[in-house]
Amino acid sequence: MGFKLLLILEKILMALPKGARKSFFTFLAFLAYHISSKYRNVAKQNLKYAFDDTLSDEEIDAITRYSFKNLLYNFLHVMELRHMTKEDLAKIVTIQNKEAVDKVHAEGRAVIYVTTHYSSWELGGASLGAFVEPLAAVYKKMKNSEYEEWLLESRAHFGNINLEKSNVVKPLIRLIKKKMASGLLIDTNINPKEGLMVEFLGKPIRQTSTPAYLARKFDAAIIPVTMRTDDEENYTLMIFDEIKVPKTDNVEEDIQVATQLQADWLSELITKEPKFWFWLHKRWKNDKREIYQKD
């Protein structure tokens, strides 16, 4: 029943002007902020911990409010992408530093895009597929299969494919050997048995080592990518230069170094403009659970 209501809502909203849709989701974000004390507290504790209690209450509140709004805008983008043409997308997205990808392709190597829940991640994935190259995006299986299908259809609208996270390494290897691109998130909470310990925002945390492992073993290039915006109307797909993976006799150390370099990139990105990151997520749940138990 809930999914059918979503489809009806989508049909109604897509018949309205873009500004009306945006206003509707801005209002939903306002409601979510005021109703969800749980996630307000998650954001607050994340920000206090990450920035060592140096942010004022006003700064924390402003970033938290934006996190709710940004999440709802990403949901809006999922809906809109299902109805967009490539020409529509080109009107609102600018590509920055595509030369970094062209250089890797000229060398005959595959690209592993590492990305994050930062600004409009849904537009980011679609823009990569539409204007740079199609990629296989790794996702975590959802409880609601109907909603999952709806979401994945949107993400595949511009040529990307979706790979479920479970047992994903072998499919990724096959893609890399064919010189095809893949995309992995590096900012989600992971199982304590997975990943490597790195310094992220100056704090120890476990992060996936899969990009570094695959890049080193199969001579692929790790390229960070994310979105940002100044007005929530026009967006820049920021492609960064390749993160080089060392290749010495010490395989474990090489992978550790490259994984840390990815954490350094993300830390710098967030420190520069913290409002864009998804602070509503319990990123330190497994490595620093006690921060979410504070008032």
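Derivation of every value follows stated rules applied to the coordinates shown; laboratory data play no part. Predicted model only: the values in this text are computed from it and were never measured. Glycine also receives a Cβ, built like all others from the backbone with ideal geometry; neighbour counts cover every protein chain displayed.
A compact table of results
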{"item": "Gyration tensor verdict on the stretch 93-244 (Cα atoms; rounded if a/c is under 1.5, prolate if a/b is larger than b/c, oblate otherwise)", "result": "rounded"}
{"item": "Loop-resident sites, the stretch 201-256, for trypsin sites (Lys or Arg not before Pro), counting at most 15 other Cβ within 10 Å (DSSP)", "result": "K244, K247"}
{"item": "For the stretch 28-69, size of Cβ-based charge dipole, Lys and Arg +1, Asp and Glu -1, in debye", "result": "320"}
{"item": "Antiparallel DSSP beta bridges within the chain, percent to nearest 5", "result": "40"}
{"item": "Structure-based [θ]222 nm, the chain - -39500 (n - 2.57) summed over DSSP H runs of at least 4, per residue, nearest 500", "result": "-15500 deg cm²/dmol"}
{"item": "Three-way shape call for the stretch 172-258 based on the alpha-carbon gyration tensor, with the a/c threshold at 1.5", "result": "oblate"}
{"item": "Neighbour cut-off at most 11 other Cβ (10 Å), DSSP loop, GluC sites (Glu not before Pro), the stretch 233-295", "result": "E233"}
{"item": "Pairwise FRET efficiency - D241 versus E194, Cβ, R0 = 30 Å, nearest 0.05", "result": "0.65"}
{"item": "Low-density loop cleavage sites - trypsin sites (Lys or Arg not before Pro) in the stretch 117-162, where at most 16 other Cβ are within 10 Å (DSSP)", "result": "K140, K141, K143"}
